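Each reported figure results from applying straightforward, stated rules to the coordinates on display, with no laboratory input. None of these values were measured; they are calculated from a predicted model. Here Cβ is always computed from backbone atoms with ideal geometry, including for glycine, and neighbour counts include all displayed protein chains.
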Amino acid sequence: MEYFIQQTINGVTLGSVYGMIAIGYTMVYGIIGMINFSHGDVFMLGTFAALIMFLILTSLVAGMGVAAMLLVMMATAIVMSSLWSWVIERIAYRPLRGSFRLAPLITAIGMSIVLSNFIQVTQGPRNKPIPPMVTKVYDVYGVTISLKQILIVLITIVMMTAFWYVVTKTSLGRAQRATEQDRKMAALLGIDVDRTISITFVMGASLAGVAGAMYLMYYGVATFSDGFIPGVKAFTAAVLGGIGSLPGALLGGLLIGLIESLWSAYFSIDYKDVATFSILAIVLIFKPSGLLGRPEIEKV
Amino acid sequence: MTAAAQPPRIPSDDRLKWALREALFAGLISFGMFVLYVGLETTQNIRNQLVLNQRWGLLAILVAIAVVGRFLIVYFIGPWFAARKAAKAAKTEVPTQSLLRRNIGWIALLALLVFPMAMVWLVGPQKSLKWVDNYGVQILIYVMLAWGLNIVVGLAGLLDLGYVAFYAVGAYSYALLSLYFGLSFWTLLPLAGILAAFWGIILGFPVLRLRGDYLAVVTLAFGEIIRLVLINWTDVTQGTFGVSGVPKASIFGIWSFEVGADNNFAKAFGLRQSSAYYKIFLFYVILAMCAVTAVVTIRLRNMPIGRAWEALREDEIACRSLGINTVTTKLTAFSIGAMFGGFAGAFFAARQGFISPESFTFHESAIILAVVVLGGMGSLFGIAVAAIVMIGGTELLREMHFLKTIFGPDFTPELYRMLIFGLAMVIVMVLKPRGLVSVRNPTAFLHERKAVSSAFTKEGHG
């Protein structure tokens, strides 16, 4: 039983990270109906921004507190991934808006190749390990919970709440939802559609940046190819939860995290990704709109 | 940051001011983008700790490139593009195709037929290896894969992001069956195709109900599942170590290319031992396979099943109400596309002599799909051109030794291969969203056969 709870905690931690990345996929898909393939690599840029900021802080500023350091790292990651995502949207997606559906998908794949190779060229292909930042571990009735796991879950909750507030309560969120429902009508009603879409990209990317900083804190290592697997899994999570639905993305992320850690705990660690993808396929075959998504109505 | 962002008709002195402002803005943005990633480099020191290395000069160069580039785009290239576009729109008559353009396919085929011989004649057998193998064979493999995927994506409009799975099935079918059962290439080539087609049906069947992007995700997942199984099923596939010593193909069992064999090709003809013969033979094999793919695609387009595919791409609901069985239509598209992937896979295994799951990543699927879309979906000629430009172009980077004299001796152009590939994908797509060849020949027409803009064809919703 302790083992099960232990694995559940690990799964929830992992799932929070996936869920945060998944929000970016689901929002962009919701608003312009496009799979933003470069989002996983924007997350990777976030981990690298946090890594470089960590090195700057440890080498230049002596004796800085861990909490302050984490905050600065997270802020850097947010700024960098937002900036990159904004630029990518401007140069690679906006000119193709209104073009046919596969065109932005191809530029997104192209951008994903560009980003991972850019980091490989500029930062080198090797793994970049950093010394552990948060080492405190609690023991609760035989179950060990590390402080960094608690931090990740807490930060996820805070970010999600802030996010939920922006999307449901502010005029910006209303503009986003209007654009999502009918872009032309929203434009007629005075919403700056291009700006709203840009902001959506930036919001998704800032969550990916936070996820990147936390990923670095949790695993303590960054690589240029880190964007692909978490990216695909987060996308899987978004689809599993019902693409376009924000609670769905978080739920999907948690489910993927749980499946992954429980499968590797009880069955085989080699086939954990196979299990994730198989469950995705099964869910989609029987419930194509995902767990919380609205079913798509086919019109003639 | 393209011409699209430019407001129309600005007086020229204002335009200069505007261009300068844009350039300054681009400089600021690029400084922000690159300051951490380019300005600082993380390297490991002797004690294996990460340290930062400063590269402000490189950062300054990149920012300068961004500023100058943006200025040139806004001030010169943007207006030029707009003027050209206006001139093109003003022109009404449709240009008649010249003799050269109408027969370009035959000319290309002829050029390909003499290509290996010409190379041997020009640079000698040993040096021709590189050109025939790295350029000729490799590009033709991508042409074949892209033409196979074109059936699924371009004709039937089903977005498949896991096409590499069928390529892997074909490659592993040939490698494992020939190693374990000693069957020859020519027996296994059709078998690999059949197995891949069979997998196409297995994977296609459950996903038939899915549409559009959901289909894309599930095919991506299947592609990853196949790769992960290949990695983890170590008893059969030897996992990440890969399968080595895959037998070479022979000339229909009459002459062999294995060095020790009695019926060795070079020995039989009294020639000097060289691997060039095998590569030239492979070139003609893949050329023939490509030709078969092209002929089959062209013929299928004119058959009821091909027309059903295109109808499915245009409108699925109309298709169903006209009595077209969408299940069989989709499955045939999936399995025929997969079959060509399987053929190409078997060929790939015979050519490499070594295969590992590394060769069948999502990256590969993305490259194949990119070639299909960049070429202009549905256009065989465009796809071939895209394969030559994208694969051959990035391969050419390996040749650019003169860059070493500019950037210093430790500059390795190979490193930038994929980076430039990705950038090229983005730039080509932004400039020509409908692909390099954006003209289609409809299979059914009312009075006369004439090409239409591909803007009239739909891309399907899966």
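How far is helix A:102-123 tilted off the main Cα axis of chain A, in degrees rounded to 10, range 0 to 90?
Rounded to the nearest ten degrees, it is 30.
Between helix A:66-88 and chain A, what is the angle of the helix's C-alpha long axis to the longest principal axis, kept within 0 to 90° and rounded to the nearest 10?
30 degrees
To make sure I understand, if each residue's beta carbon is the centre and we count other beta carbons within 10 Å, what order do B:Thr394, B:Thr187 fall in, fewest to most?
Lowest to highest Cβ neighbour count: B:Thr187, B:Thr394.
Neighbour counts of other C-beta atoms within 10 Å: give me B:Lys248, B:Lys330 arranged from fewest to most.
Least crowded to most crowded, the residues run B:Lys248, B:Lys330.
Could you grab the Rg to Rh ratio for the protein assembly as shown? Cα atoms only, Kirkwood for Rh.
We get a ratio of 0.97 for the protein assembly as shown.
So how do A:1-7, B:373-379 stack up, highest first, on mean other-Cβ count within 10 Å?
Details: A:1-7: 13.0, B:373-379: 27.0.
Descending mean neighbour count gives B:373-379, A:1-7.
As I understand it, the value is the acute angle between the Cα axis of helix A:246-266 and the longest principal axis of the Cα atoms of chain A; what does it come to in degrees, rounded to 10?
Around 40 degrees separate the two axes.
In units of 2.2 N^0.38 Å, what is the alpha-carbon radius of gyration of segment A:2-286?
So segment A:2-286 has a normalised radius of gyration of 1.00.
Identify, among A:Ser225, A:Phe163, A:Gly98, the residue whose Cα sits farthest towards the positive end of the charge dipole of chain A, taking +1 on the Cβ of Lys and Arg and -1 on the Cβ of Asp and Glu, with the dipole about the Cα centre.
Of A:Ser225, A:Phe163, A:Gly98, it is A:Gly98.
Restricting things to Cα coordinates, could you compute the convex hull volume per residue of segment A:136-272 in Å³?
135 Å³
Can you work out the Karplus-derived ³J(HN,Hα) for every residue in segment B:342-351? Use 6.51 cos²θ - 1.76 cosθ + 1.60 with θ = phi - 60°, whole Hz, and x for glycine or proline.
3J(HN,Hα) across segment B:342-351, in whole Hz: x, 4, 4, x, 4, 4, 4, 5, 5, 6.
Starting from the exponent 0.38 and prefactor 2.2 Å, build the expected Rg for segment A:198-300 from its residue count and divide its actual Cα Rg by it.
The reported ratio for this selection is 1.18.
Given only helices, namely DSSP H runs of n ≥ 4 each adding -39500 (n - 2.57), what is the per-residue ellipticity at 222 nm of chain A, to the nearest 500 deg cm²/dmol?
About -24500 deg cm²/dmol.
Tell me the chymotrypsin sites (Phe, Trp or Tyr not before Pro) within segment A:203-300 that lie in a loop according to DSSP and have at most 16 other beta-carbon atoms within 10 Å.
Counting only loop positions with at most 16 other Cβ atoms within 10 Å, the chymotrypsin sites (Phe, Trp or Tyr not before Pro) in segment A:203-300 are A:Phe267.
Rank A:Val121, A:Val167, A:Val153 by mean-square fluctuation in a GNM of chain A with C-alpha springs under 10 angstrom and give only the top-ranked residue.
Residue with maximal mean-square fluctuation among A:Val121, A:Val167, A:Val153: A:Val121.
How would you rank B:385-392, B:159-166, highest first, on the average number of other Cβ atoms within 10 Å across their residues?
B:159-166, B:385-392
Are there trypsin sites (Lys or Arg not before Pro) in segment A:209-300 that DSSP marks as loop and that have at most 11 other Cβ atoms within 10 Å, and which are they?
Sites meeting the loop and neighbour criteria: A:Lys299.
In debye to the nearest 20, how big a dipole does segment A:2-286 give about its Cα centre with +1 on each Lys and Arg Cβ and -1 on each Asp and Glu Cβ?
Details: 16 positive and 12 negative charges, 124 e Å.
Around 600 debye, computed over segment A:2-286.
Over 17 Å apart: what share of the alpha carbon pairs of segment B:3-90 falls there, rounded to a whole percent?
60 percent
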